[in-house]
Amino acid sequence: MLATIHSGTVMGVEGLPVAVEVDISSGLPIMATVGLPDSSVRESKDRVKAAIRNCGYEFPARRITVNLAPADVKKAGAGFDLPIALGILAASGALESSCLADYCVLGELALDGALRPVRGVLPVALSAREQGLKGLIVPVENGMEAAVVDGLSVIPVQTLPEAVEFLAGRKQQEPLQVDPVSTFAKAWHYDVDFNEVKGQEQVKRALEIAAAGGHNICLKGPPGSGKTMLARRLPTILPDLSFPEALETSKIYSIAGLLPDDLPLMATRPFRSPHHTISDAGLVGGGQVPRPGEVSLAHNGVLFLDELPEFKKHVLEVLRQPLEDGTVTIARASVSLRFPARVVLAAAFNPCPCGYYGDKRKECTCTPQQIQRYESRLSGPLLDRIDLHLEVPALAYEEMSGERHGESSQVIKKRVDAAREIQSIRYQGLDRIYCNALMGPLELESHCILGPASTALLEKSVRRLGLSARGYTRILKIARTIADLAGSDTIQTSHLAEAVQYRRLT
């Protein structure tokens, strides 16, 4: 007898429908799983067999063939345990197979029949809605995550018998209801604020420009000058996540298994700060079954690389393509996957190995050769892709001990939101451009028109600083953002002069 159950897996960040076909026929008692299963899926036969028996059902002593279609796509994870178990029960006559047609099923089985949470439920739920299925049966722990998808009845279950009783119609269970909009609003909260930072007004100004235009930024200064503290507050002045952005970011966290237990959606801009010992696969993603890396986990938020020269050089070089394209492409022999990676990159580093080169209060102990080797770890092409370059000086005692605090994040964010609103109107109708940092050549020609005085200043700056073509366009983009913050329709000479000073370190 044959039974078919709807399930799903994840390809990149998208859900892929999978039909779990179970056939029971005469022959030696053996269970075979086909359809490119990985080891975790192949091992499901032992978990399923034990769970069915321990829940009081009879496991058929016949030949069982499980096919996961489409058969040319690699299947990974333990989420197929529950659909395989239900398929065996339906094919053996213990469950009416017609009741399985309306639901997508996902869940890992314990040996006693209890259900454990799985990764990637949100993209599978979105895929089930697109298929026109009535609902989704998932472990209780995954219920809220799936319930944020409108138009889908989510049935959270704790055990295999509970799923069987519901599908057989012997147990009524109301679908889990979650209001994603109110949940999204309640979860918006940051633990840090810019008013906690004393001094460093020039750096705060640069961070405001970075947030307003979506520009990358690097901070160079001695230890203890506040580089990390300032960078951690950058997400607090970025525009609020829209619901589509939150859904897109949450899909990535769902796949990685990092969604908070009490939060079905990411409501704030992510801030990721990987350690400098990270591998290239950990940073941009990869693995035998490709998973998102830190740059994708920071999608729609901030990726902070502290102690930038300490990262392995080849690890930093793989960042070039994501910073330009906003996506990470991972190619394997059988498949090529794309992970979104539209981030604001914030980097911080010391001026030398000891950290005190150029510091007026503490003498540097590094030799010129050590300083040169340290600086050579950062390639010119990578630094060229970072829009704003800032020197962060050490704080004077008067600034540290003073009671004066700067503006709060909310005050700065209002100016950033106003600038982003101007850009939203300017780039209306353009799919991939929503801020100044993403402008292409056509947009630069249309929106970055300079007067004679500004043109002369820019020409002099390019020649004196030896800027590349990329550096030239970065200055124009920064100047456009500064003009937006000032509410100016045109780029004034003062806006351009401020933009130029942010490229002096390169």
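The values are calculated or read from the model by the stated rules, or taken from the named source; none is laboratory data. Model, not experiment: these values are computed from the prediction. Note that we place each Cβ from the backbone using ideal geometry, even for glycine, and neighbour counts take in every protein chain shown. Just the protein is used for accessible areas: all its heavy atoms, side chains included, with ligands, DNA and RNA removed. Shrake-Rupley method; radii C 1.70, N 1.55, O 1.52, S 1.80 Å.
Of the accessible area of the stretch 414-476, computed with a 1.4 Å probe over protein heavy atoms only, carbon and sulfur atoms account for 57 percent. Classify the stretch 205-326 as rounded, prolate or oblate from the Cα gyration tensor: take a ≥ b ≥ c as the square roots of its eigenvalues, call it rounded if a/c is under 1.5, otherwise prolate when a/b beats b/c and oblate if not. Oblate. Based on the reciprocal of the average 1/r between different C-alpha atoms, the Kirkwood radius for the chain equals 25.5 Å.
Taking 357, 190, 502, 434 and ordering them by how much accessible surface each has at a 1.4 Å probe, largest first, produces 357, 434, 190, 502. DSSP beta bridges fully contained in the stretch 260-355 are about 50 percent antiparallel.
Would you please classify the overall shape of the stretch 378-503 from the alpha carbon gyration tensor, given that a ≥ b ≥ c denote the square roots of the eigenvalues, rounded means a/c under 1.5, and beyond that prolate means a/b larger than b/c while oblate covers the rest? Taking the square roots of the gyration eigenvalues as a ≥ b ≥ c, the stretch 378-503 is oblate. Enumerate the residues in the stretch 429-447 having an amide nitrogen under 17 Å from the point lying 7 Å beyond the Cα of residue 465 toward its Cβ. Residues passing the 17 Å test: 437. Please give the Cα centre distance for the stretch 469-506 versus the stretch 263-294, rounded to the nearest Å. Each part's Cα centre sits 32 Å from the other's. Percentage of Cα-Cα pair distances in the stretch 61-170 greater than 24 Å, rounded to whole percent? Across the stretch 61-170, Cα pairs with separations above 24 Å total 20 percent. For residue 367, the accessible surface of its heavy atoms amounts to roughly 60 Å² (probe 1.4 Å, protein chains only, rounded to the nearest 10).
Among the protein heavy atoms, those of residue 174 account for about 150 Å² of accessible surface (1.4 Å probe, every chain in place). Charged side chains reduced to their Cβ positions (Lys and Arg at +1, Asp and Glu at -1) give the stretch 169-302 a dipole of some 260 debye around its Cα centre.
Relative contact order of the stretch 35-139: 30 percent, from C-alpha pairs under 8 Å at least 6 residues apart in sequence.
Partners of residue 477 within straight-line reach, counting aspartates and glutamates whose Cα lies under 15 Å from its Cα and excluding those fewer than 8 residues away in the same chain: 208, 324, 384, 387, 443, 445, 489, 498. Relative contact order, whole percent, for the chain stands at 13, derived from Cα pairs under 8 Å and 6 or more residues apart. Multiplying each eigenvalue of the alpha-carbon gyration tensor of the stretch 1-49 by 5 and taking the square root yields semi-axes of 23, 14, 8 Å, largest first, rounded to whole angstroms.
Accessible surface of the stretch 121-250, 1.4 Å probe: 50 percent of it comes from carbon and sulfur atoms.
Nearest 5 percent is fine: what portion of the DSSP beta bridges confined to the chain is antiparallel? Here the antiparallel bridges make up roughly 45 percent for the chain. By the rule of a C-alpha distance below 25 Å, with chain neighbours fewer than 8 residues away ignored, the lysines paired with residue 134 are 75, 171, 251. Summary of the geometry: the stretch 90-142 and the stretch 431-467, compared by the centres of their Cα atoms, lie 53 Å apart. Close amide H pairs (under 5 Å, H built 1.01 Å from N) link residue 385 with no residue at least 5 positions away or on another chain. Taking the DSSP beta bridges with both ends in the stretch 1-152, the antiparallel portion is around 65 percent.
In the chain, helical runs assigned H by DSSP with n ≥ 4 each contribute -39500 (n - 2.57); averaged across all residues and rounded to the nearest 500, the mean residue ellipticity at 222 nm is -10500 deg cm²/dmol. The mean accessible area for residues of the chain, using a 1.4 Å probe and ignoring ligands and nucleic acids, is 45 Å² per residue.
Report, by chain and number, residues whose modeled amide H sits under 5 Å from the one on residue 137, excluding near sequence neighbours (fewer than 5 apart, same chain). Close amide H contacts, sequence-distant or interchain: 104, 105, 106, 155.
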